DNA sequence: AAATATTGTGGAATCGATTCCACAAACATA
DNA sequence: TATGTTTGTGGAATCGATTCCACAATATTT
């Protein structure tokens with residue numbers, strides 16, 4: 001393997017001088033510099049990052065923990081982060097937990113052992129053990145999506161977004177609202193959005209029907225099933241005239257079922273989701289949804305992390321992002 | 001920082017012994033082992049991967065170069081790779097070129113400097129410079145999506161897939177086929193698929209109309225524009241009764257334009273794509289497309305790479321994956 | 001011409017692990 | 001008891017860079 005020592009020999013200078021050329025530090029005569037650069041060019045020498053990191057304690061690598069690779073949301077967030085990190089010469093080391101909470105902790109340790117300069121966690125379910133692990137991580141850290149006490153977080157305004165969407169449905173004259181959520185262990189998506197829905201219903205003095213509130217699992221199929229349940233429970237009695245799915249995919253699954261049932265959207269029933277997935281534009285009719293601007297979340301998180309890295313201060317910074325309503329024909 | 005030396009002191013053994021406990025190598029008395037493990041548990045010590053890699057020349061990191069983060073295809077491929085790598089304790093270091101060919105080379109070097117154990121390139125456009133860079137990379141390497149001479153590749157059967165799809169349209173009784181491709185510098189998507197289309201047309205003795213062959217750019221908008229051009233050129237004369245877009249998004253863009261024009265799909269005109277994007281199932285009508293099983297491509301590439309890493313042989317292995325037709329209502 | 005300031009270079013320690021080797025202790029065998 | 005074998009441990013070199021420090025060679029000032 002090509003090392004700094006060999007290069008030094010070939011250029012007839014010392015290792016120190018080569019290092020100086022590489023890092024633009026200290027005094028190097030123009031002549032020596034030229035010779036070194038020539039040899040580097042010639043040999044294609046690339047300094048070992050490991051040796052460098054060992055010495056400098058900096059790796060220029062950011063660890064990112066995703067709940068699931070290749071979901072649209074993850075992709076967008078990572079994209080946003082990448083914009084910022086790339087600009088500053090940082091690489092992303094990706095890990096995916098596939099929704100396994102145990103792995104989240106495992107990866108935190110792993111990333112630490114790789115001496116990443118910082119960690120970004122795209123969080124779903126937060127338990128106290130994980131919190132503890134994070135707090136004693138002692139590394140620049142930012143969470144996205146969930147509010148975790150004691151660390152910097154970039155979160156969405158889930159409560160307000162859900163409330164606003166529900167109020168929009170009500171403003172459209174809908175009075176019998178159904179709801180499809182997810183498990184409340186996901187505080188942001190499961191709990192906050194549900195509360196937003198409930199509070200909007202209450203605020204407007206409408207009837208909150210527990211039997212019209214179902215749980216899905218983030219995918220289209222579960223939205224379909226949940227909708228089926230709701231319709232089943234409604235039986236021949238009063239019937240929902242709107243359904244709010246906490247994710248686009250859930251809403252789209254619901255739409256599928258409704259269409260099969262021969263119901264017209266939005267004439268018979270309105271449908272709304274959250275997430276502004278690309279697919280939401282192309283279903284029929286186009287789905288009304290909330291854009292969370294995930295790229296921005298990624299960018300913000302990256303910026304906050306870089307700030308932490310550069311200032312060495314571990315400030316607990318909280319950023320709550322805005323949502324943007326995309327009103328389309330489904331309501 | 002916690003080092004092996006400190007642990008050794010605390011456990012009252014030598015550094016060597018700690019290392020042996022960590023790596024299950026050499027003789028360690030039960031007593032010494034217990035003490036060491038206790039201290040490690042207590043302190044939460046995690047060995048530095050850099051020091052380790054410096055010594056062992058193994059990083060357990062695979063560099064992945066993507067053309068674009070967060071496209072559905074990339075996501076699926078990375079997902080597939082991750083399945084395999086995770087199982088073997090490898091991490092993925094992600095880089096994205098955002099379609100900048102210059103960056104592809106830059107990242108190859110960068111990954112080398114990080115001493116990744118191998119590199120997977122999801123290729124789009126291959127020029128000779130890049131080929132050269134790859135050949136002198138001297139690292140386990142696999143390309144996905146494009147066939148590059150001299151290195152292992154996992155490719156799709158683009159020619160046959162496009163030909164088969166075209167023949168399906170012909171079998172449905174369509175005779176006036178339009179085509180929306182992409183730039184041919186992307187050999188697989190741009191050139192091979194186009195050839196498949198052309199050869200199918202010729203084989204069946206149909207008329208190949210150059211003016212009905214347009215170029216798009218992978219996104220929905222460009223499919224829309226390309227379709228507009230084709231219709232414009234057709235003017236009042238003979239009119240296409242089918243259009244084949246080389247990606248689902250292009251096809252969907254075309255569908256959008258056709259619908260706006262008041263044309264009925266598939267009554268007036270058939271539409272087909274390639275890629276089996278999720279969205280293809282939910283447009284109206286559902287799009288006929290080819291499933292390339294990208295996860296499998298990622299898995300295969302990962303397996304081939306691991307083989308190269310483990311055997312140290314640099315065999316040039318070529319895998320061509322099959323396609324699967326998904327016939328839906330758009331034709 | 002002597003004293004001082006500025007530049008360029010190499011020696012050597014260092015980062016945190018692994019691993020070869022030598023040695024010592026414990027045990028078994030003749 | 002003397003000898004050989006098995007185990008357990010630590011010393012020290014090593015991986016490939018960075019960086020402090022000392023020194024030498026110039027250049028500049030008195």
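Protection proxy ranking of A:255-266, B:291-302, by the mean of other Cβ atoms within 10 Å over each peptide's residues and highest first, is B:291-302, A:255-266.
Modelled spin-label separation between residue A:23 and residue A:51, with each label point placed 7 Å from Cα along the Cα-to-Cβ direction: 1.3 nm. Shielding value for B:44-55 is 6, the average number of Cβ atoms from other chains within 10 Å of each residue's Cβ.
Kirkwood Rh over Cα pairs of the stretch A:234-331 into Stokes-Einstein at 4 °C, 1.567 mPa s: D in µm²/s?
Estimated via Stokes-Einstein, D reaches 84 µm²/s.
I need the semi-axes of the equivalent ellipsoid of the stretch B:4-47: take the C-alpha gyration tensor, multiply each eigenvalue by 5, square-root it, list largest first in whole angstrom.
Gyration-tensor ellipsoid for the stretch B:4-47: 14, 10, 10 Å.
What separates the residue A:132 label point from its copies, with the point 7 Å along Cα to Cβ, is 5.8 nm, written shortest first. Mean silhouette area of the stretch B:184-254, derived from the convex hull of its C-alpha atoms and averaged over all directions, reads 4.6 nm².
For chain A, the relative contact order works out to 17 percent when only alpha carbon pairs closer than 8 Å and six or more residues apart are counted.
Listed by Cβ neighbour count within 10 Å, with the fewest neighbours leading, A:158, B:199, B:100 appear as B:100, B:199, A:158. Counting every alpha-carbon pair across the stretch B:158-291, the share separated by more than 18 Å comes to 46%. Translational diffusion of the stretch A:136-190, estimated by Stokes-Einstein from the Kirkwood radius over alpha carbon pairs at 37 °C in a medium of 0.692 mPa s, is 241 µm² per second. Label separation (residue B:198 vs residue A:16): 6.5 nm, computed from points 7 Å beyond Cα along the C-beta direction.
As a proxy for reagent exposure, ranking B:152, A:48 by other Cβ atoms within 10 Å from fewest up yields A:48, B:152. So what is log10(I(q)/I(0)) for the stretch B:23-152 at q = 0.11, 0.19 1/Å, when the Debye sum runs over its Cα atoms only? Computed log10 I(q)/I(0) values: -0.50, -1.07.
Remark: C-alpha extents of the stretch B:217-287 on the principal axes read 35, 25, 17 Å, sorted largest to smallest.
Computed from Cα atoms, the angle from the helix B:220-234 axis to the main principal axis of chain B rounds to 20 degrees.
Put a point 7 Å out from Cα along the line to Cβ at residue B:38; what are the distances to that point in the other copies, in nm, shortest first? When each copy's label point is compared with this one, the spacings are 6.3 nm.
Rounded to the nearest 5, the antiparallel percentage of DSSP beta bridges internal to the protein assembly as shown is 10%. Shape verdict for the protein assembly as shown, please, from the Cα gyration tensor: rounded (a/c under 1.5), prolate (a/b greater than b/c) or oblate. Because a/c hits 1.5 or more and a/b fails to exceed b/c, the protein assembly as shown counts as oblate.
In a fully extended conformation the segment linking residue A:43 and residue A:5 would gain 12.4 nm over its present Cα-Cα distance, using 0.36 nm per residue. Note on B:276-284: average number of Cβ atoms from other chains within 10 Å of each residue's Cβ is 5. Peptide A:69-75 is shielded by partner chain Cβ atoms: per residue, an average of 6 of them sit within 10 Å of its Cβ. If a spin label sat at a point 7 angstrom from the Cα of residue A:219 along the line to its beta carbon, the backbone N atoms of the stretch B:75-94 nearer than 16 Å would be those of B:76, B:79-80. Take the Cβ atoms of residue B:329 and residue B:58, set R0 to 56 Å, and the FRET efficiency comes out at 0.60. For chain A, take the longest principal axis of its alpha carbons; what is the angle in degrees between that and the long axis of helix A:294-311, to the nearest 10 within 0 to 90? The two axes meet at around 40 degrees. Taking a point 7 Å out from the Cα of residue A:313 in the direction of its Cβ, the residues of the stretch A:133-161 whose backbone N falls within less than 16 Å of it are A:140-141, A:151-153.
Ascending distances from the residue B:232 label point to its copies in the other chains, with the point 7 Å along the Cα-to-beta-carbon line: 5.3 nm. As an exercise, use a Förster radius of 56 Å and the Cβ-Cβ distance of residue B:268 and residue B:98 to find the FRET efficiency, rounded to the nearest 0.05. Once rounded, the FRET efficiency stands at 0.90. So how tilted is helix B:72-87 from the main axis of chain B? Cα-based, degrees 0 to 90, rounded to 10. Tilt relative to chain B: about 30 degrees. Relative contact order, whole percent, for the stretch B:144-239 stands at 26, derived from Cα pairs under 8 Å and 6 or more residues apart. Under 16 Å from a label point set 7 Å out along the Cα-to-Cβ vector of residue B:278, the amide N atoms of the stretch A:249-275 belong to A:249-256, A:273-275. Taken along its principal axes, the alpha carbon cloud of chain A reaches lengths of 91, 38, 29 Å, longest axis first.
Readers should treat all values here as calculations from the given coordinates under stated rules, not as data from a laboratory. Keep in mind that what you see is a predicted model, and the values were worked out from it rather than measured. Here Cβ is always computed from backbone atoms with ideal geometry, including for glycine, and neighbour counts include all displayed protein chains.
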